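Report on the following structure.
The values are calculated or read from the model by the stated rules, or taken from the named source; none is laboratory data. These numbers were taken from a predicted model, which means no experiment stands behind them. Here the Cβ is made from the backbone with ideal geometry for all residues, glycine too, and neighbour counts use every protein chain on show.
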Amino acid sequence: MSTRLNKSMMEFQDHLRHSKRIVALVGAGLSASSGLPTFRGSQGLWKNFNMIDLATPDAFYIDPGLVWQFYSYRRHAALKAHPNSGHLALARLSQVPSVEFVTITQNVDGLSIRAGTPRHKLHEIHGSLFDLRCTSFGCNYVDHDNFVDPLTPALGGTEEEFDRSGRKRSMHGDEDTDGASVSPEFTPVKQLDDSELPRCPACGDLLRPGVVWFGESLSLQLLNRIDGFIEQGPIDLMLVVGTSGTVYPANGYVDRVRYKGGKVAIFNTDIEDSVVDGQQEGVWGFRGDAAETLPQALDPLISQVCP
Ligand code: BJW
């Protein structure tokens with residue numbers, strides 16, 4: 001670790017020790033070292049797929065079979081993955097008695113819960129891959145924590161990855177022909193009829209994944225609970241972990257906390273030099289895999305609680 005990074009880590013940890021109210025804003029980068037791909041960038045899920053074709057209500061309306069294959073693939077990958085030391089570090093922070101701490105996660109993979117984060121301290125603002133909702137207007141059926149994989153016989157096999165030649169691939173860092181590691185990517189494998197997709201046991205209509213797609217409103221109840229925490233008192237510190245900060249409204253929380261005088265610590269593989277070098281007032285930047293940098297940075301507090 002360079003002298004500058006050491007100094008920055010020491011300053012951060014000094015602030016952390018004195019912080020009473022902390023919020024984490026989490027994105028896909030936290031789960032990257034658990035083997036789950038991020039969305040954007042050269043290794044991202046959207047690399048070979050237009051997100052408009054997969055993560056909007058229109059996409060589901062036009063081709064629910066395609067969208068269900070994508071989510072079947074994602075459910076399978078998340079179920080096979082394990083929480084990493086970054087998830088565990090945040091889960092331990094939520095158990096430190098002297099700190100009021102909540103996590104706002106954009107991730108839908110369930111890994112923060114599996115790491116031991118109590119549900120009342122975790123806000124899954126983009127929903128969960130393991131919740132299913134009825135698409136029928138007026139039917140309020142919701143199935144929480146459904147871990148059946150595959151959800152229907154027809155979705156069997158689609159949860160595995162296939163490359164362009166139809167060859168089955170492993171999901172975690174498969175080797176390409178030239179030996180280079182390739183990121184997991186989704187390729188649809190079959191045309192599915194609506195009758196082969198998950199159906200609502202209450203009304204018989206199509207079920208959909210319980211995630212928030214582009215253009216959809218986030219749960220106002222959830223947003224109110226987060227607002228309540230932020231407005232209840234000063235936030236001393238915001239941890240911004242593995243997110244590109246491109247998606248509204250999640251990206252608005254950082255400015256809100258800063259506006260109220262809170263300091264910000266960014267944990268990301270990709271951070272501007274000026275932030276890492278400490279040139280931005282009130283912002284620390286720790287470049288690298290969050291699964292490594294988070295446990296190290298949070299150690300002064302999380303070492304107080306059992307792993
Ligand atoms: C590492 C790492 C390692 C890698 N360690 N770091 C113009 C047109 C249409 C819409 C809009 C528009 N302008 C604004 C909008 C609104 C839109 C929006 O923000 N669009 C932007 C793209 C411009 N937002 C919405 O539509 C939202 N709804 C809304 O606004 O409704 C109005 C409303 C709001 C509030 C109340 C009432 C009404 C809904 C957004 C839903 C987003 N949904 C998705 C899909 C969820 C389901 C699924 O998972 O399939 O959520 S999109 C996708 O992006 C997913 C993610 O949660 C989200 C954020 O991505 P994230 O997590 O930041 O991942 P990446 O890949 O972007 O970044 C990863 C980062 O990790 C990178 O920085 C890497 O460097 C880093 N990294 N390895 C540490 N090992």
Restricting region 3-37 to residues that are hydroxyl-bearing (Ser, Thr, Tyr), touching a helix residue (DSSP H, G or I) at 6+ places or on another chain (Cβ under 9 Å) and over 19 Å from residue 263 (Cα atoms), the residue that is surrounded by the most Cβ atoms within 10 Å (Cβ to Cβ):
31
Please enumerate the residues belonging to region 208-241 that are among the hydrophobic types (A, V, I, L, M, F, W, C), more than 30 Å from residue 98 (Cβ to Cβ) and in contact with a helix residue (DSSP H, G or I) (Cβ under 9 Å, 6 or more places away or on another chain).
211, 213, 214
Which one is farthest from residue 297 (Cα to Cα) among residues in region 95-116 that are touching a His at 6+ places or on another chain (Cβ under 8 Å), in a helix (DSSP H, G or I) and within 16 Å of the ligand (Cβ to nearest atom)?
111
Can you pull out the residues in region 69-80 that are within 13 Å of the chain's Cα centre (by Cα) and not charged (D, E, K, R)?
78
If only one of 119, 92 is basic (Lys, Arg), away from the ligand (no atom under 15 Å from the Cβ) and in contact with a Pro (Cβ under 8 Å, 6 or more places away or on another chain), which one is it?
92
Tell me, please, whether a residue that is more than 16 Å from residue 26 (Cβ to Cβ), part of a strand (DSSP E or B) and in contact with a Lys or Arg (Cβ under 7 Å, 6 or more places away or on another chain) can be found in region 251-272.
no
Write out, first by first residue and then by second, each pair whose Cβ atoms fall under 9 Å of each other, whose residues are 6+ apart or on separate chains, and whose first residue, in region 203-232, is assigned by TED's automatic domain parsing to the domain that holds residue 69 and free of Cβ contacts under 8 Å to residues at least 60 places away in the same chain while the second is away from the ligand (no atom under 11 Å from the Cβ) and in a loop (DSSP other than H, G, I, E, B).
204/136
Residues of region 227-247 satisfying the condition of being of a type in the set (A, V, I, L, M, F, W, C) and surrounded by fewer than 19 Cβ atoms within 10 Å (Cβ to Cβ)
229, 247
Of the residues in region 215-236, those that are within 15 Å of the ligand (Cβ to nearest atom) and either of a type in the set (A, V, I, L, M) or under 14 Å from the mean Cα position of the chain (by Cα) (or both) come to 218, 220, 222, 223, 226, 230
Would you check if there is a residue in region 61-79 being assigned to a loop (DSSP other than H, G, I, E, B), buried (at least 22 other Cβ atoms within 10 Å of the Cβ) and not charged (D, E, K, R)?
no
Residues of region 216-235 being outside any helix (DSSP H, G or I) and under 17 Å from residue 128 (Cα atoms), which ones?
216, 217, 218, 219
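This table checks each residue for (1) touching a His at 6+ places or on another chain (Cβ under 9 Å); (2) within 10 Å of the ligand (Cβ to nearest atom); (3) of a type in the set (Val, Ile, Thr); (4) not assigned by TED's automatic domain parsing to the domain that holds residue 152.
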position: 238; (1), (2), (3), (4): no, no, no, yes
position: 245; (1), (2), (3), (4): no, yes, no, yes
position: 248; (1), (2), (3), (4): no, yes, no, yes
position: 264; (1), (2), (3), (4): no, no, yes, yes
position: 268; (1), (2), (3), (4): no, yes, no, yes
Quick check on my filter: what residues within region 74-93 are of a type in the set (D, E, K, R) and under 16 Å from residue 22 (Cα atoms)?
92
